[in-house]
Amino acid sequence: MNNAQIEIQLIASLVAIACAIPGTFLVLRKMALITDAISHSILPGIVIGFFITHDLSSPLLIILAAASGVITVVLVEFIQKTGLVKEDTAIGLVFPALFSIGIILIAQNANDVHLDIDAVLLGELAFAPFDRLSIGGIDAGPKSLWIIGSIVITTLGLLLAFFKELKISTFDAGLASALGLSPVIMHYGLMTVSSITTVGAFDAVGAILVIALMIAPAATAYLLTNNLTKMLALSVFFGVSSAIVGYWVAHIIDTSISGSMTTVLGLIFLSVYLFAPSKGLFSVLYRQRQQRVEVSLLTFLLHLGNHQEEEERHVKHLNEHINWQKVQSKSVLDLALKNNMITINNDIVSLTDKGKVFTTEAIDYIITNKNSEIENMKDRFFLFRG
């Protein structure tokens, strides 16, 4: 493995870490689409920065691009708070407008400069090691490595310093305000970090991979844990793992590095989406099936408790009177027998003592909750009238 391969994987891993941290909070705040908006709306900032400096490598381009990203967030928030449109609609209104302004500025004033849509949106990791940083005539490594490394260090420092504030404002903005914290400052601070991260990473890896690394690892981790610290750790793990595995997949089959990394991210998310222990699709479907069987069991036990006649408690009666399918009837009977709630003699079903206690408690629970629901409805009605 040569130096270029090591540098590419290191840059990709640092980008994954830098994106995973703000991405986790964006997913929790249900603001995943804002990353896509920022990645496009930074174009006017880049163009204006170039008009001022006439240097594509000037740090001013990054500063103005980040400022353009923050302006995007401010405009989205302003439009959303009017109450006339929802957040996704506001995003869909703001970033095409800013992106279009950038394109118009390029078309009118920079047609002869390599500052087009492809240059802005499509970074290529394979070329990142060739853009070197020289300090006093000494090769200090790829520029992207220094830029992304600085962003990672800054982001980690801010996370450690404001973890409690970010956590509280993310899950309960009202509590944050009551404790004297400012959810607004936390919100715009997070958006600023997201904007700077996006700007710093897109030149090396491209906007598409930045969006994928910002959202996919966090969304995958969200399906596996309810603990914020673990979610952050898993997001970083999935991001870095996808970056390294994606690179070697691209190396073996000779294809786009960014495309391979994004594909690996998608496959990991799909696997977790299907097979996660608690939130995975198959787990959810299994629990729903179990809940239906348990509701059927309760219905069956209540039916037995209300009927003492043997013909009403015959096994065949389940299909005839309660209108259950044969498979469902067998599942309910097996579950009741397994839990020692019924006995079956000559195809006549009877409640055991355990079944009678369970039925009585279930009836009491239903009556209590029904009365509570009625009282709540009354309270809401009188409050409305008052």
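The values are calculated or read from the model by the stated rules, or taken from the named source; none is laboratory data. This one's a predicted model, so the numbers in the text were calculated from it and none came from an experiment. For neighbour counting, all protein chains shown are included, and Cβ atoms are generated from backbone atoms with ideal geometry for every residue, glycine included. Just so you know, the surface numbers come from the protein's heavy atoms only, side chains and all, with ligands and any DNA or RNA stripped out. Shrake-Rupley method; radii C 1.70, N 1.55, O 1.52, S 1.80 Å.
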Check your understanding: Would you say residue 52 is touching a helix residue (DSSP H, G or I) at 6+ places or on another chain (Cβ under 7 Å), surrounded by fewer than 17 Cβ atoms within 10 Å (Cβ to Cβ) and β-branched (Val, Ile, Thr)?
Key -> yes
Review point. Among the residues of the stretch 299-314, how many are open to solvent by 60 Å² or more (accessible area, probe 1.4 Å) and either modelled with pLDDT of 75 or more or assigned to a helix (DSSP H, G or I) (or both)?
Key: 4
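Conditions tested, residue by residue: (1) more than 24 Å from residue 162 (Cα to Cα); (2) among the basic types (Lys, Arg); (3) modelled with pLDDT of 90 or more.
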residue	(1), (2), (3)
193	no, no, no
206	yes, no, no
217	no, no, yes
235	no, no, yes
238	no, no, yes
242	yes, no, yes
248	yes, no, yes
251	yes, no, no
Check your understanding: Where residues in the stretch 332-341 are out of contact with any Lys or Arg (no Cβ under 9 Å at 6 or more places or on another chain) and surrounded by 14 or more Cβ atoms within 10 Å (Cβ to Cβ), which of them is farthest from residue 291 (Cα to Cα)?
Key -> 337
Exercise for review: Tell me which of these residue 171 doesn't satisfy, since it passes every other one: (1) under 22 Å from residue 270 (Cβ atoms); (2) touching a Leu at 6+ places or on another chain (Cβ under 9 Å); (3) surrounded by fewer than 16 Cβ atoms within 10 Å (Cβ to Cβ).
Suggested key: (1)
Exercise for review: Confirm whether residue 264 is more than 25 Å from residue 191 (Cβ to Cβ), assigned to a helix (DSSP H, G or I) and under 16 Å from the mean Cα position of the chain (by Cα).
Suggested key: no
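Residues checked against (1) open to solvent by 60 Å² or more (accessible area, probe 1.4 Å); (2) more than 40 Å from the chain's Cα centre (by Cα); (3) at pLDDT 80 or above:
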{"position": "280", "(1), (2), (3)": "no, no, yes"}
{"position": "286", "(1), (2), (3)": "yes, no, yes"}
{"position": "297", "(1), (2), (3)": "no, no, no"}
{"position": "348", "(1), (2), (3)": "no, yes, yes"}
{"position": "355", "(1), (2), (3)": "no, yes, yes"}
{"position": "377", "(1), (2), (3)": "yes, no, no"}
Check your understanding: Of the residues 159, 122, which single one is on the phi < 0 side of the Ramachandran plot, of a type outside the set (S, T, N, Q) and at pLDDT below 80?
Key -> 122
Check your understanding: When the stretch 217-232 is examined, which residues are found to be open to solvent by less than 60 Å² (accessible area, probe 1.4 Å) and hydrophobic (A, V, I, L, M, F, W, C)?
Key -> 218, 219, 221, 223, 228, 231, 232
Exercise for review: Please work out which residue is surrounded by the most Cβ atoms within 10 Å (Cβ to Cβ), limiting yourself to the stretch 55-66 and to residues that are closer than 17 Å to residue 191 by Cα and free of Cβ contacts under 8 Å to residues at least 60 places away in the same chain.
Suggested key: 64
Practice item. Give the residue, chosen from 190, 181, 159, 133, that is surrounded by 13 or more Cβ atoms within 10 Å (Cβ to Cβ), part of a loop (DSSP other than H, G, I, E, B) and touching a helix residue (DSSP H, G or I) at 6+ places or on another chain (Cβ under 7 Å). Key: 181
Exercise for review: Go through the residues of the stretch 315-327 one by one and say whether even a single one is over 30 Å from residue 238 (Cβ atoms), in contact with a helix residue (DSSP H, G or I) (Cβ under 9 Å, 6 or more places away or on another chain), β-branched (Val, Ile, Thr) and modelled with pLDDT of 75 or more.
Suggested key: no
Revision key, fill the gap. Note: among 28, 43, 14, just one is open to solvent by less than 10 Å² (accessible area, probe 1.4 Å), closer than 16 Å to residue 211 by Cα and touching a residue at least 24 places away in the same chain (Cβ under 8 Å), namely 43
Review point. Identify, please: which residue in the stretch 250-274 is over 15 Å from residue 219 (Cβ atoms) and of a type outside the set (Gly, Ala, Ser) and is, among those, surrounded by the most Cβ atoms within 10 Å (Cβ to Cβ)?
Key: 261
Point to revise | Residues satisfying the stated conditions in the stretch 139-153, i.e. open to solvent by 70 Å² or more (accessible area, probe 1.4 Å) and modelled with pLDDT of 90 or more | key: 153
Exercise for review: Determine, yes or no, whether residue 7 is at pLDDT 85 or above, among the acidic types (Asp, Glu) and on the phi < 0 side of the Ramachandran plot.
Suggested key: yes
